[in-house]
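First comes the structure, then the notes that go with it.
The values are calculated or read from the model by the stated rules, or taken from the named source; none is laboratory data. All values derive from a computational prediction rather than experimental measurement. Counting neighbours? That spans all protein chains shown, and the Cβs are built from the backbone with ideal geometry, glycine included. SASA here: full protein model, heavy atoms, side chains in, ligands and nucleic acids out. Shrake-Rupley method; radii C 1.70, N 1.55, O 1.52, S 1.80 Å.
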Amino acid sequence: MKPLALEDLSREELLAWIKIAGLFRVRQVDLLSVRHSTLSDKYLAAMKKYHDASDSEGRAMMAWHSWKGDARQKNLLDRIYLDMKDVTDRARRAMDRTEREMDQCRAAMDAEWSKERSS
């Protein structure tokens, strides 16, 4: 059998290992720190998606403005621009939602640290 790494274990196996190893005394702030790290990665991915969508929206708008041909093609370019605008708006909302979750997590971490310092 090949050597195992933590990444190879299932969620249930990891939880069982933590309990067996006596690591069940995990502080809330440690869990919040892991969650914040995950949310930070999610935020960066959402930001990249937003910037890509915004760039595509800008290119679609430039194509629409520069088109001098028939009206049917102009209408098609208008629909493409509006679709890209919708994608950009959805990406922005996802990025904002993730940022709010990060802020809430950070506030919870700060509250836990304050509790630990006062006790």
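Assorted remarks:
- Computed over the stretch 4-65, the ratio Rg/Rh where both radii use C-alpha atoms and Rh is Kirkwood: 1.34
- Those aspartates and glutamates that a straight Cα-Cα span of less than 16 Å connects to residue 42, excepting residues fewer than 8 apart in one chain: 52, 96, 99, 101, 103
- Counted by Cβ distance under 13 Å from residue 71, the other residues give a net charge of +2, where Lys and Arg count +1 and Asp and Glu count -1.
- Bridging of residue 19 to aspartates and glutamates at a Cα separation below 17 Å is possible for 30, once same-chain residues fewer than 8 apart are set aside.
- In the assembled protein chains, residue 14 presents an accessible area of approximately 50 Å² (probe radius 1.4 Å).
- The chymotrypsin sites (Phe, Trp or Tyr not before Pro) of the stretch 15-119 that meet both conditions, a loop assignment by DSSP and at most 15 other Cβ atoms within 10 Å of the site Cβ, are 24, 67.
- Only lysines eight or more places from residue 74 in sequence, or on another chain, were considered; those with a Cα closer than 27 Å are 49, 85.
- Sorted from greatest to least, the principal axis extents spanned by the alpha carbons of the stretch 35-119 come out as 74, 14, 13 Å.
- Protection-proxy order for peptides 71-79, 51-59, each taking the mean of Cβ atoms within 10 Å per residue, highest first: 51-59, 71-79
- Helical runs assigned H by DSSP (4 residues or longer) give the chain a calculated mean residue ellipticity at 222 nm of -29500 deg cm²/dmol, each run adding -39500 (n - 2.57) before division by the residue total.
- Neighbour net charge for residue 60 - beta-carbon separation under 14 angstrom, K R +1, D E -1: -3
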